[in-house]
1. Tell me which trypsin sites (Lys or Arg not before Pro) from the stretch 119-176 have a DSSP coil assignment and no more than 12 other beta carbons within 10 Å of their own.
2. Just to confirm, what accessible area per residue do you get for the chain at 1.4 Å probe, in whole Å²?
3. Roughly speaking, what is the stretch gain from Glu361 to Asp219, that is 0.36 nm per residue apart minus the C-alpha to C-alpha distance, in nm to one decimal?
4. Taking a Cβ-Cβ separation under 4.7 Å as the criterion for a possible partner, which cysteines of the chain have none?
5. Using +1 at the Cβ of each Lys and Arg and -1 at the Cβ of each Asp and Glu in the stretch 244-363, identify which of Thr280, Ala313, Ile270 lies farthest towards the dipole's positive end.
6. What would the Debye equation give as log₁₀ I(q)/I(0) for the chain at q = 0.08 Å⁻¹, counting only Cα atoms as equal point scatterers?
7. Taking the Cα centre of the stretch 442-523 as origin and charging only Cβ (+1 Lys, Arg; -1 Asp, Glu), how large is the dipole, in debye to the nearest 20?
8. Non-local amide H neighbours of Gly403 (under 5 Å, H modeled in plane, Pro and chain starts lacking H): which ones?
Amino acid sequence: MSPVRLLLPLLAAPLLFAQYDVLITNARIVDGTGDPSFYGAIAIRGDAIAAIGNLPGATAATVVDARGLVAAPGFIDLHSHGRRGIQQVPTAENYLREGVTSIIEGPDGSSPLPISKFLADTGKIGISINFGACVGQGSIRSEVMGLVNRKATPEEIEKMKAIAAQAMRDGAFGLSTGLFYVPGNFTPTEEVIDIAKVVGRMGGFHVSHMRDEAAGVLDSVRETIRIGEEGGLPTQITHHKIIGQPNWGRSVETLRLVEEARRRGVDVTIDQYPYTASSTGIAALLPQWALEGGSKATNERLSAPGERAKIKAVVIERLKVDRGAGDPKNVQIVNCSFDRSLAGKNLAEITRARGAEPTLENAAETAMDLVSKGGCSAIYHAIDEQDVVRIMRSPYTMIASDGEIPIFGQASPHPRSYGTFARVLGVYVRERNVLTLEDAVRRMSAFPAARLKIWDRGLLRPGMKADVVLFDPATVADRAEYAKPHQYSVGFRDVIVNGRFALREGQVTAERPGRILYGPAHE
Ligand SMILES: [Zn+2]
């Protein structure tokens, strides 16, 4: 045997005989439980955490010195609109750079069907973060009945229950509703409860973009609680907020309703993004009845003078006391497919560019015209900071982005896609002491994991999957702004997903360690 062949195994020995694949040393460990942090090492073998503690003498193929950094479980975003974006940006870089290692799609009552094909197709992309889904009640109803405003027949309800059950077997985590949107808005509460019962029996939860987050917010919270109570399943108010200046402060009452329901045994929880603006389609300014049947039917109503006047009255009202918060400049366009130059402009500017004063009446005309031309997505500045903080302090609130995976530089998306998790850590933990670091991390990791019944993620514990993030608590910050949204958050140095680095020393790697996550009834 040549000397070289004798030597080689000796040189490789330290790697071959290393106990672990990755060893993170000197970390301030915030483990996801909410307990006080402690200092130590985290050892990873394969896709799982093998040991946590002092670990003297431990060896690993890769050793990461985390001095000065916090090690936390990868964050879990259970309200994500990432399904389109992940096809073009499979690294989900906006999420990686704010510490998110798992996202759950299918929110607001809207999901692809069937779930099995959707998840399988997404799994084939080769993605950097884990990806799961809820099934959307609106999508189920639309498949069975179309976008009609009427009660379902008993036969239709049976069909919808069967689709929901199949989605749960396919791996959905629960049922999302978007009772604000069409066709969720046409759905009686009793029908939602019928579907929810099926999902609940299979271990799923219910999560709702409520029917009304403005003047009717209290009734909507009652409805969300009722769906959980009568449906026999956990129920969650998603992106909880109070829209419209006359309604500000009502989070006192919404949180009281949640507290009362919990005391009588209803498992109600909340999620929230840390911003005073929301984002959805411009059609949110129109009454739901005007949207029945889809865009062609809507356009016919907008061209019939009598109906247009009725629609306009509602749009004016919503600009005044609802999403417009009294001024058309509070409505900022994200993207219009028919005219990209409108991205970033507000409704007052667009109205003025049409040669009209930006009164509520004229802005309503602009909004209706934008809808008839194909619609736009928009940002609405109509939330009070005090409600944001009050909701955040509730022990029942977890963090979720309601964001998407933007294509860097395209359109003018809500900054929540880039900044939600980093903003909570930078602004609400470090700057304003609204939450402790440990509690904030819990609300981003173990809490959503438990809500989803993902039992092998969300905590730093031996045996858990190795989704681990390292960030600097002194510098972590969101950078995305409404006027300049395409800015990654800062402060996250390393992001490990299933034991492999998706972000290493601030650089996105070529690894694609993300997996498809399946819900509690998956077969
Ligand atoms: Zn929503």
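The values are calculated or read from the model by the stated rules, or taken from the named source; none is laboratory data. Since we're looking at a predicted model, the values are computed, not measured. Using ideal geometry, Cβ is built from the backbone for each residue, glycine included, and neighbour counts are taken over all protein chains shown. Protein only, heavy atoms only, side chains kept; ligands, DNA and RNA dropped before computing areas. Shrake-Rupley method; radii C 1.70, N 1.55, O 1.52, S 1.80 Å.
1. On the way: sites: Lys124, Arg141, Arg150, Lys151, Lys159, Lys161, Arg169; in loops: Arg150, Lys151.
When the trypsin sites (Lys or Arg not before Pro) of the stretch 119-176 are filtered for loop state and at most 12 Cβ neighbours within 10 Å, Arg150 remain.
2. Dividing the accessible area of the chain by its residue count gives 38 Å².
3. Full extension from Glu361 to Asp219 adds 48.2 nm.
4. For the chain, the answer is Cys134, because their Cβ atoms have no other cysteine Cβ under 4.7 Å.
5. Ala313
6. Calculated log10 I(q)/I(0) at the listed q: -0.51.
7. The calculation lands at about 220 debye.
8. His81
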